[in-house]
Amino acid sequence: MSRTRPTRRHLAPAALTAGVVASAALALATTGTLSAFTAQITNSANTVASGSLVMQETSGDGATTCLSTDTTGAANGVNTNAFSCTTINKYGGAILVPGASVSTTVAIKNAGNVPATTFTLAPGTCVQSVGPSANPSGNATDLCTKLSVAVTSGAATITPANSTATSLAGTSITLATPVAPGETRSYTFAVSLASAVGNTYQNLRATQPLVGTFTA
């Protein structure tokens, strides 16, 4: 009598795959998630801001101050950052006789929080008019050419030699470079009337705008 050998059952590939999936599903059901090592940094305070460049001018006696942000009737003067200061007279406003001179010192400060890479002065056109006296005026028409102007800072003379109010008009003079935030520079403006002028120059006035500019 012969014995029948038992046959081996071979699992089909599909059945094997199903078993692996079921095992994975069981693992997820048990732990809730798959674990891993992680490391992370979040920078939530990343900011950048624009700086401010503000010019402050103070008279030599410290009594008068003008800021580039000073405005009349404007909500925010930094929008233009350009102010016409009529309370500081760099030419002194003195009444001169032939050969006399007047010196005026002003302090310029960078009141902003960024450095001014350059500080320039641009004299405008010198205009002659009738002087402050009620007396008759002379008939000379070239007073501006008879006024010598020198700008100094400490021992250094900044304006070209033999400068007159007329020759400075339309030029750009570098006063300083750079000017750090909070830094103050002092400048003296000396104006003299030529000694050779005569009666035709009596009771005349010269006016010249001076525009100082910080650039960053």
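Every number in this text was worked out from the coordinates using simple rules, so none of it is lab data. The shown structure was predicted, so the numbers you read here are calculated from the model rather than taken from an experiment. Note: ideal-geometry Cβ built from the backbone for every residue, glycine included; neighbour counts use all protein chains shown.
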* Reduced Cα scattering model of the stretch 35-169, Debye log10 I(q)/I(0), q = 0.11, 0.21, 0.22, 0.23 Å⁻¹ -> -0.60, -1.44, -1.49, -1.54
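Suppose we take every Cα in the stretch 56-114 and form the convex hull; what volume per residue is that in Å³?
Numbers: hull volume 6.5 nm³, N = 59.
Taking only Cα atoms, the stretch 56-114 has a hull volume of 109 Å³ per residue.
For the stretch 80-143, count the residues as N, evaluate 2.2 N^0.38 Å, and divide the Cα radius of gyration by that value, please. Write out the running numbers ahead of the final one.
Working: Rg = 16.8 Å, N = 64, 2.2 N^0.38 = 10.7 Å.
So the Cα radius of gyration is 1.57 times the expected 2.2 N^0.38 Å.
Do you know the relative contact order of the stretch 58-216, to the nearest whole percent, from alpha carbon pairs under 8 angstrom that are 6+ apart? Kindly include the intermediate steps, with their values, before the conclusion.
Values: 330 pairs, mean separation 54.9, N = 159.
Averaging sequence separation for qualifying contacts and normalising by length gives 35 percent for the stretch 58-216.
Between Asn113 and Ala45, how high is the FRET efficiency from 1/(1 + (r/R0)^6) when r is the Cβ-Cβ distance and R₀ = 22 Å? Nearest 0.05.
Numbers: r = 20 Å, r/R0 = 0.90.
With a Förster radius of 22 Å, E is 0.65.
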* Asked: Among 204-212, 152-160, what's the highest-first ranking by average C-beta atoms within 10 angstrom per residue?
  -> 204-212, 152-160
* Sort 79-91, 181-193 for me by packing, meaning the mean count of neighbouring Cβ atoms within 10 Å per residue, highest on top. => 181-193, 79-91
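Given a Förster distance of 30 Å, report the FRET efficiency between Asn135 and Asp61 from their Cβ-Cβ distance, rounded to the nearest 0.05.
Values: r = 30 Å, r/R0 = 1.01.
Computed FRET efficiency for Asn135 and Asp61: 0.50.
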* How big is the convex hull of the Cα atoms of the stretch 97-216, per residue, in Å³? -> 105 Å³
* **Debye intensity ratio I(q)/I(0), log10, the stretch 151-210, q values 0.25, 0.29 Å⁻¹ (C-alpha model)** => -1.25, -1.41
